[in-house]
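Here is the structure we will look at, set down as structure tokens.
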Amino acid sequence: MPAISRDEVAHLARLSRLALTDAELDEFAGQLDTILSHVKAVSEVAADDVAPMANPNAVTNVTRPDEVHPGLTPEQALAAAPLVEDGRFSVPQILGEGE
């Protein structure tokens, strides 16, 4: 006995607002029946003692932990700058006013 009938496919098509021809209903009924039989086979194989997982390989995060280190003070950062203006780096203008 098929897992899904042609009438059930027609009902699903109506709920999804899909207009299917009789040939499409027959084709999709067969395809959906095949899909459901595969799902049933997989569910029979799945063991209760196998934990759900996203990846069968053991994966660990290899990044280092974040550590706060003291950085440069604004004065130290600007000390080697060729031109400083109002406590900021000053650079030549490369674009005109209209750009």
- Task: Tell me, please, whether a residue that is among the β-branched types (V, I, T) and surrounded by 10 or more Cβ atoms within 10 Å (Cβ to Cβ) can be found in region 15-31.
- Result: no
- Message: I'd like to check something: does region 41-53 contain any residue that is in contact with a helix residue (DSSP H, G or I) (Cβ under 8 Å, 6 or more places away or on another chain) and loosely packed, with under 10 Cβ neighbours inside 10 Å?
- Response: no
- Do we find a residue being modelled with pLDDT under 90, part of a helix (DSSP H, G or I), under 30 Å from I4 (Cα atoms) and not hydrophobic (A, V, I, L, M, F, W, C) anywhere in region 50-68? no
- Query: A29: of a type in the set (A, V, I, L, M), at pLDDT 90 or above and in contact with a Ser or Thr (Cβ under 8 Å, 6 or more places away or on another chain), yes or no?
  - Reply: yes
- Note on the structure: Scanning region 1-47 residue by residue, those assigned to a loop (DSSP other than H, G, I, E, B) and in contact (Cβ under 8 Å) with a residue 12 or more places away in the chain turn out to be P2, A3, I4, S5
- Note on the structure: Here the residues within region 69-82 that are in a loop (DSSP other than H, G, I, E, B) and open to solvent by 100 Å² or more (accessible area, probe 1.4 Å) are H69, P70, L72, P82
- Message: Any residue in region 80-99 that is free of Cβ contacts under 8 Å to residues at least 40 places away in the same chain sitting within a Cβ distance under 7 Å of a residue that is in a loop (DSSP other than H, G, I, E, B) and open to solvent by 90 Å² or more (accessible area, probe 1.4 Å)? List the pairs, counting only those 6 or more apart or interchain.
- Response: S90/L83
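The values are calculated or read from the model by the stated rules, or taken from the named source; none is laboratory data. Note that the structure is predicted; figures quoted are calculated from it, not measured. Heads up, the Cβs are rebuilt from the backbone with ideal geometry, glycines too, and the neighbour counts pull from every protein chain shown. The protein model used for the area step is the full one, side chains on, heavy atoms only, and it has no ligands, DNA or RNA in it. Shrake-Rupley method; radii C 1.70, N 1.55, O 1.52, S 1.80 Å.
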